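The values are calculated or read from the model by the stated rules, or taken from the named source; none is laboratory data. Values in this document were obtained by computation on a predicted structure and should not be read as measured data. Glycine also receives a Cβ, built like all others from the backbone with ideal geometry; neighbour counts cover every protein chain displayed.
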Amino acid sequence: MSEQRIRDALREIAGSVPVRPDPSAAMVTNSPGTRKSWLVPVMAAAAVVLILAVGLVSWPGGGQQPAAGGEPTLPDRFPAFSHVQGETGGKFGRAIAAYFNGSGHEDFTFGQLILASAEGDRYREIEVPEVDSGLVDTRLSASGTKLVIGGTSMALVDLLTGARREYPGAAGRYVKPLAISPDERLVAYTVADSRGSQGILALLDLSTGQRTQVGTKDVSVAAFSPDGTEIAFDEGYPDRDELLIARLDGTIARRIVTPPRSSLAGANSWSPDGKWLVVISREPDRYEGQSIWAGDPSYVFLDTAGKAGQGPAPVPAKGIVPAAWGDALLGWRSPTSMLVSGGDVDGTTSNLIVEVNVLTGSREIVSRFAVGPRDDLAVGDVQLATGLLDGIGIRHSTSPDRGIWPAWAIVSTSVCLAPFVVAVILWWRKRSRAVLR
């Protein structure tokens with residue numbers, strides 16, 4: 001028994017002693033796989049890059065995202081320009097705003113047409129054609145569910161479904177949508193030789209495709225009445241001293257005398273109750289030596305029945321008219337409170353939305369458009385879903401949801417990440433082998 005115990009003890013001691021593997025044996029064991037050893041790091045790198053790229057670009061923005069169909073709100077801040085802004089093919093949902101982002105660079109522009117959700121901090125770029133080195137003109141409907149796109153033809157995009165309908169234009173000419181009727185059945189537009197030029201006003205029935213000419217001279221601005229039965233416009237710029245109000249069949253209903261150097265304030269120039277038409281009127285220019293200073297602008301309210309002196313007193317507009325381009329008057333929060341487009345006031349924004357009380361002239365900034373890190377890409381042609389503005393609340397906007405990056409950004413990110421990931425995996429494999437030895 002004692003001899004057996006000694007043998008068992010020796011076996012236990014021998015089994016507890018670590019044995020270092022034979023290096024030559026390890027090499028022989030691993031040799032069959034060395035020819036395909038590159039597969040492991042490459043496949044691992046591809047998986048890591050894919051996870052990083054998709055995870056990075058689709059990470060939620062963290063902004064407020066109420067359910068679809070909730071109460072519309074206006075953000076107190078719109079995000080700055082982004083080169084990796086997410087896109088939509090047309091199916092977006094209800095929008096509270098559409099605006100052009102990316103103008104003002106000293107060499108070239110980075111044009112984006114941005115849609116802002118009416119129900120949360122969600123922003124998407126919708127692709128529109130480019131003509132004459134600029135994006136074509138567009139119009140957002142009152143409900144925020146339709147977008148009319150101009151250019152060599154006219155297109156209607158349903159933002160709820162993504163459906164698109166084309167309306168042919170005149171060969172070689174430019175179609176510019178000016179306004180959409182409150183019932184979203186008619187579009188007021190002009191046809192000109194090039195982008196930025198004026199043309200004769202016409203109405204397009206979106207349901208039938210029927211077109212009706214209105215007036216006989218060039219027009220730059222038009223506005224439908226709140227009940228959709230009339231349209232106001234000023235023609236013959238710059239030699240004009242009146243506004244024309246036409247019926248939908250193109251016949252002129254009446255003419256309204258305007259102050260000198262004035263023009264309609266945009267597609268939303270009618271007050272919600274139909275009593276007033278708002279024009280921007282400028283004082284005479286000032287000459288100081290070799291310098292010329294443009295006259296100060298004011299909002300002037302004209303009685304739509306043509307009665308002189310029936311509207312509120314003019315409201316000075318110095319400092320709050322658009323800094324880039326687009327309508328000066330964006331819509332109405334109440335019959336006596338209008339939202340207007342304003343320029344930068346303190347270097348922290350490229351545009352403002354300012355609420356102006358037409359009775360007292362008081363004003364308050366309700367929303368800002370951020371300038372971005374370089375402060376050289378501005379915002380222009382801001383449009384609001386006017387049918388959603390009555391008593392609309394202002395929400396605090398924190399982290400915008402820009403959506404998934406464009407395809408080119410995902411591919412570029414993956415290509416840039418791949419070499420780094422491959423290098424890390426190869427280093428890890430080499431280190432692991434060294435430890436085993």
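Of note:
- Residue that is nearest to the chain's Cα centre (by Cα), among those in the stretch 144-179 that are modelled with pLDDT of 95 or more and among the basic types (K, R): K146
- The residue list G331, G319 contains one member that is at pLDDT below 90 and of a type outside the set (A, V, I, L, M, F, W, C), which is G319.
- Here K307, K318 are screened, and the one residue that is touching a Ser or Thr at 6+ places or on another chain (Cβ under 9 Å) and over 21 Å from S220 (Cβ atoms) is K318.
- Strands (runs of 3 or more DSSP E) wholly inside the stretch 220-323 containing at least 2 residues that are farther than 22 Å from E355 by Cα: 230-235, 242-247, 252-257, 286-288, 291-293
- All of D241, D227 fail the test of being out of contact with any strand residue (DSSP E or B) (no Cβ under 9 Å at 6 or more places or on another chain) and acidic (D, E), apart from D227.
- Here G63 meets the list (1) closer than 23 Å to D327 by Cβ; (2) at pLDDT below 90; (3) touching a Pro at 6+ places or on another chain (Cβ under 8 Å) almost entirely, failing just condition (1).
- Subset of the stretch 110-159 (residues that are crowded, with 20+ Cβ neighbours inside 10 Å, among the acidic types (D, E), under 30 Å from S399 (Cβ atoms) and out of contact with any Leu (no Cβ under 8 Å at 6 or more places or on another chain)): E119, D121
- Where a residue in the stretch 74-90 is over 19 Å from L384 (Cα atoms) and crowded, with 17+ Cβ neighbours inside 10 Å and its partner, wherever it lies, is of a type in the set (S, T, Y) and modelled with pLDDT of 90 or more, with Cβ under 8 Å and at least six apart: Q85/Y123; G86/Y123
- Leading residue by the ranking (farthest from the chain's Cα centre (by Cα)) among those in the stretch 180-207 that are under 12 Å from V219 (Cβ atoms) and surrounded by fewer than 21 Cβ atoms within 10 Å (Cβ to Cβ): I200
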